[in-house]
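Let me begin by presenting the structure, written as structure tokens, before commenting on it.
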Amino acid sequence: MNNKSWIDISQPLTNDMAHFPGDTPFNYSLTYTKEQTGSVNIGQITASVHTGTHVDAPFHYDSDGKTIDQLGLDLYVGPAKVVDVSNTERITTDTLKEFDLDGITRVLLRTSLPNNAKVFPEKTPYLDPGIAAYLYEQGVRLIGVDMPSVDAPDSKDLATHHALYEYNIFILENLMLDHVKSGNYELIALPLAIEGSDGSPVRAAIRPIDERRTDHE
């Protein structure tokens, strides 16, 4: 593989993909066919804004928080570090201290959860809310995970969401990282500018950074 190639780390949007229990499933269909219009096929989609690989806006868990269209694009474009924490089911500050995150703005966690876009997991690795303060001290502004949520799927208090929010760290969820090596990358994961929305699907991609370059911004 060309070391400058972009690597897709987003879930494909398919009509049989998994979705959060009780949420709106993804569906794509043709509204009109070329035969009907005489010129073009025209499709439509229905979906939750938390479909597949997506960004949470603070409004998702705070009614007074910013909506997706109010967030800066620089959060979702720039250097990122992929960190492999798949050796544990409990990701804590001690887990992350094994890695050099000093000055890292965006960290993507490859957990033990297998990447399967068609199956919603019954259980996910535990992400300790205490990591928020540590990540903030290192300079992290965005955390990405290869899980549907930074909290357990049945969580009501969303302790990790709120801890990250307290430290102004933004959230990217449902990445596909099983085929990705640990290391430094450029990240693009731009959300759609959906006015007033609590989140947005993204097309996330990374490209290896030449190790001779710095991973600091």
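Please treat every number below as a calculation from the coordinates, not as lab data. Bear in mind the structure is a predicted one, so any value in this text is a computation, not a measurement. Every residue, glycine among them, receives a Cβ derived from its backbone with ideal geometry; neighbour counts consider all protein chains shown.
With the simple spin-label model, which puts each label point 7 Å out from Cα in the Cβ direction, the Asp100 to His162 separation comes to 3.7 nm. Computed from phi, the 3J(HN,Hα) profile of the range 54-70 under the Karplus parametrisation 6.51, -1.76, 1.60 (θ = phi - 60°) reads 8, 10, 8, 8, x, 4, 4, 10, 9, 4, 9, x, 5, 8, 4, 6, 9 Hz, with x in place of Gly and Pro. The GluC sites (Glu not before Pro) of the range 127-208 meeting both criteria, a DSSP state outside H, G, I, E and B (loop) and at most 11 other C-beta atoms within 10 angstrom of the site's C-beta, are Glu195. Considering only C-alpha atoms, what is the centroid distance from the range 93-161 to the range 6-61, in Å? Computed from Cα coordinates, the inter-centre distance equals 25 Å. The count of lysine pairs in the chain whose Cα atoms are under 20 Å apart, excluding pairs fewer than 8 places apart on the same chain, comes to 6. Extending 7 Å from the Cα toward the beta-carbon at both Asp64 and Tyr126 defines two label points whose distance is 3.2 nm. Using a cutoff of 8 angstrom between alpha carbon atoms and counting only pairs six or more residues apart, the relative contact order for the chain works out to 30 percent. Less than 5 angstrom separates the built amide H of Ile7 from those of Ile206, Arg207, all sequence-distant by 5 or more or on a different chain. In nm, to one decimal, how far is the Asp8 label point from the Arg203 one, both placed 7 Å along Cα→Cβ? It works out to 0.9 nm between the two label points. Backbone amide hydrogens, once placed in the peptide plane, bring Val202 within less than 5 Å of Thr53, His54, Val55, excluding anything fewer than 5 places away on its chain.
What's the magnitude of the charge dipole for the range 49-208 around its Cα centre, counting Lys and Arg as +1 and Asp and Glu as -1 at the beta-carbon? Answer in Debye, nearest 20. Mind showing how you got there, number by number?
Numbers: 13 positive and 24 negative charges, 108 e Å.
For the range 49-208, the charge dipole is close to 520 debye.
Would you compute, from DSSP H runs of 4+ residues alone, the mean residue ellipticity of the chain at 222 nm, taking -39500 (n - 2.57) per run and dividing by the full residue count, rounded to the nearest 500?
Working: 4 runs with 24 residues, N = 217.
Mean residue ellipticity, 222 nm, calculated: -2500 deg cm²/dmol.
Debye-formula intensities of the chain, expressed as log10 I(q)/I(0) at q = 0.08, 0.09 Å⁻¹, are -0.29, -0.36 (one equal scatterer per alpha-carbon, no solvent).
Whole-Hz Karplus values for the range 124-130 come out as 10, x, 8, 10, 5, x, x Hz, taken residue by residue from phi with 6.51 cos²θ - 1.76 cosθ + 1.60 and θ = phi - 60°; glycine and proline positions read x.
Backbone geometry of the range 192-201 corresponds, through the Karplus equation with coefficients 6.51, -1.76 and 1.60 at θ = phi - 60°, to 3J(HN,Hα) couplings of 6, 7, 8, 4, x, 7, 8, x, 6, x Hz, x marking Gly and Pro. Around the amide H of Ile194, modelled in the peptide plane, lie the amide H atoms of Asp69, all under 5 Å away and 5 or more residues distant in sequence or on another chain.
At an R0 of 35 angstrom, the distance between the Cβ atoms of Glu137 and Lys34 translates into a FRET efficiency of 0.05.
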